[in-house]
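Participant: What follows is a single structure, and I will ask about it in a moment.
No value in this document is a laboratory result; all are computed from the given coordinates. Quantities reported herein were computed from a predicted structural model and do not represent experimental measurements. Positions of Cβ are backbone-derived with ideal geometry, glycine not excepted, and every protein chain shown enters the neighbour counts.
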Amino acid sequence: MRLAVILGLSLLCACSATEQGFVDHPEQYGLYVAATNLDMAIPLQIRSDATGEVISIQMRIFGNRDGYGYLEKSLPPGRYHIYSYHPYSNITVPLLTDTGYFDVVAGCFNYGGHIHFGAMDNRAVYTNEVDVSDIENLPKPLAKMAAGKDICMAPTGKANQRVPLHT
């Protein structure tokens, strides 16, 4: 029983650690958040243009009421490319494209909008739509991270655009 409680607490801490850098050091990190049509807790890999490092972002599910999965990760400022995702444990789907980048700005809630993954001509594709008003419809834990912060619109394939202080 005690082990179950300890494991439960450690999992709770791991889930909230994705935004910890943004909370503790906003001058060094931006929070990247996006909704996806994949309502599965699967990893999405991104690649830092600055370092070449491949970073995994675990999709989070909030009650699964709206049919979306959510990406959330504190990241150092810079440009990142969507690299791949794993819809099944042994299958990697590459997604690297010229327009598959997004920018992260430090101290900003970087909103990537809705990323819709699909297939066309037997290859994986995705589209991205961003509307700042959609932030209000995010699950409460994510929406509250935007309160009192500048919002940076971070669509794929376009420059990041800062929207002054969001309340």
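Participant: Expressed in nm to one decimal, what extension gain is obtained for the pair residue 116 and residue 140 from 0.36 nm per residue of sequence separation less their Cα-Cα distance?
Facilitator: 6.5 nm
Participant: If you don't mind, another one. Treating only the Cβ atoms of Lys and Arg (+1) and Asp and Glu (-1) as charged, compute the dipole magnitude of the chain about its Cα centre; round to the nearest 20 debye.
Facilitator: 360 debye
Participant: Which of the trypsin sites (Lys or Arg not before Pro) found in the stretch 108-167 are loop residues per DSSP with 16 or fewer other Cβ atoms within 10 Å of their Cβ?
Facilitator: Loop-located and lightly packed - 158.
Participant: Could you check the simple spin-label distance between residue 125 and residue 66, using points 7 Å along Cα→Cβ, in nm with one decimal?
Facilitator: Taking the simple label geometry, residue 125 and residue 66 are separated by 2.6 nm.
Participant: Which longest uninterrupted range of the chain lacks any GluC sites (Glu not before Pro) assigned by DSSP to a loop state (not H, G, I, E or B) and surrounded by at most 15 other Cβ atoms within 10 Å?
Facilitator: No qualifying site falls inside 54-167, the longest such stretch.
Participant: Determine the distance separating the Cα centre of the stretch 99-123 from the Cα centre of the stretch 134-150; give it in Å without decimals.
Facilitator: With the stretch 99-123 and the stretch 134-150 each reduced to a Cα centre, they are spaced 18 Å.
Participant: At residue 25 and residue 97, where each label point lies 7 Å from the Cα along Cα→Cβ, what is the point-to-point distance in nanometres?
Facilitator: Taking the two extended label points, one gets 3.4 nm.
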